[in-house]
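The values are calculated or read from the model by the stated rules, or taken from the named source; none is laboratory data. Small disclaimer: the values here were computed from a predicted structure and weren't measured. As a convention, Cβ positions derive from the backbone with ideal geometry for all residues, glycine included, and neighbour counts pool all protein chains shown. Just so you know, the surface numbers come from the protein's heavy atoms only, side chains and all, with ligands and any DNA or RNA stripped out. Shrake-Rupley method; radii C 1.70, N 1.55, O 1.52, S 1.80 Å.
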Amino acid sequence: MKLTVLGKYGPFPHPGGACSGYLLECGRRRLLLDLGSGTLSRLLRLVPALHIDAVLISHLHSDHMADLLILRYALQQYNARGQDVPMPLAVIAPDTPEEEYRLLTGSGVYDITAARDKLRARIGDISISLHRMTHPVPTYAFSIEHGGRRMFYTGDTGWRDDLPALCAGADLLLADACFSEADRIGGVAAHLTAAEAGRIAKEAAVKKLVCTHLWGGGCDEVQLLEEARWQFPDAVVAEEMQSYLI
Ligand SMILES: [Zn+2]
Ligand SMILES: [Zn+2]
């Protein structure tokens with residue numbers, strides 16, 4: 001599998017950057033993991049014909065799904081011009097909050113499966129399982145297996161005791177690592193710290209940790225990486241438009 005970071009910021013982008021979105025290539029198939037603002041532009045550079053097999057949306061915060069609204073227009077207009085695009089496109093996403101969910105339905109562009117805890121799905125030879133996480137809105141982590149390899153994407157989540165077991169032995173852990181210890185917002189556990197991401201990676205004995213969802217207002221990436229490496233030396237901070245082989 002090959003994971004390419006389209007955007008790594010939240011809940012708004014750093015200047016010139018994009019919010020959360022990742023392209024996962026599994027053999028000939030392509031999945032999108034979240035599609036936040038700014039990511040469609042980058043996806044079009046890599047996959048101009050938009051031949052995507054499915055989109056997995058962790059939760060309906062705009063920094064994870066805003067460009068799904070713009071992708072509707074691209075698919076509709078390519079389709080109207082006779083171009084071969086996937087329509088309806090398979091999407092797995094939570095069906096709440098309702099206001100956001102309603103924006104995705106009704107256009108006929110997406111074939112949406114409502115996310116739920118422990119849901120299993122197959123896209124060709126790719127196996128996907130969902131796990132409910134902890135965030136102000138319903139949110140899900142994805143475990144994705146293909147060709148004997150596995151990656152785990154946490155989406156946005158605060159600390160959960162079940163995370164090390166859920167991603168145990170994964171070849172790559174793509175983890176919310178929104179805060180350094182100094183930046184942690186007291187009492188609000190909507191995101192992981194880099195140190196917590198490192199702890200999960202160590203306890204789960206994953207092969208590689210990629211820290212993502214950096215604060216768009218500017219964060220000290222050197223400090224963040226140092227804290228992730230306290231417990232897991234093989235941590236890296238996600239780089240936009242960089243690919244990671246799994
Ligand atoms: Zn977010
Ligand atoms: Zn969120």
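Taking 7 Å steps out from each Cα toward its Cβ at Leu69 and Glu203 produces label points 3.7 nm apart. Evaluate the relative contact order of the stretch 61-216 (contact order divided by residue number), counting alpha-carbon pairs under 8 angstrom at least 6 apart; express in whole percent. In percent, rounded to a whole number, it is 15. Of the whole protein surface, Arg184 contributes about 100 Å² of accessible area at a 1.4 Å probe radius.
Note on Lys208: lysines with a C-alpha under 22 Å away, same-chain residues under 8 apart excluded, are Lys2, Lys8.
With a cut-off of 12 Å between beta carbons, the residues surrounding Tyr153 carry a summed charge of -2, where Lys and Arg count +1 and Asp and Glu -1.
The solvent-accessible area of Cys219, taken with every protein chain present and a 1.4 Å probe, is close to 40 Å².
Only protein heavy atoms count here; on that basis, with a 1.4 Å probe, Lys208 has an accessible area of about 70 Å². Note on surface exposure: Asp111, Asp171 rank Asp111, Asp171 by accessible area, highest first, 1.4 Å probe. Protein heavy-atom accessible surface, 1.4 Å probe, per residue over the chain: 42 Å².
Across the protein chains, with a 1.4 Å probe defining accessible surface, the residues Ile123, Ile144 rank Ile123, Ile144 from largest area downward. At 1.4 Å probe size, with the rest of the protein present, what percent of the exposed accessible area of the chain is carbon and sulfur atoms? Whole-percent figure for carbon plus sulfur exposure: 49. Compared with the alpha-carbon gap, the fully stretched path from Glu226 to Leu119 is longer by 35.0 nm at 0.36 nm per residue.
A simple spin-label model places pseudo-atoms 7 Å from Cα toward Cβ; at Trp159 and Gln77 they are separated by 4.7 nm.
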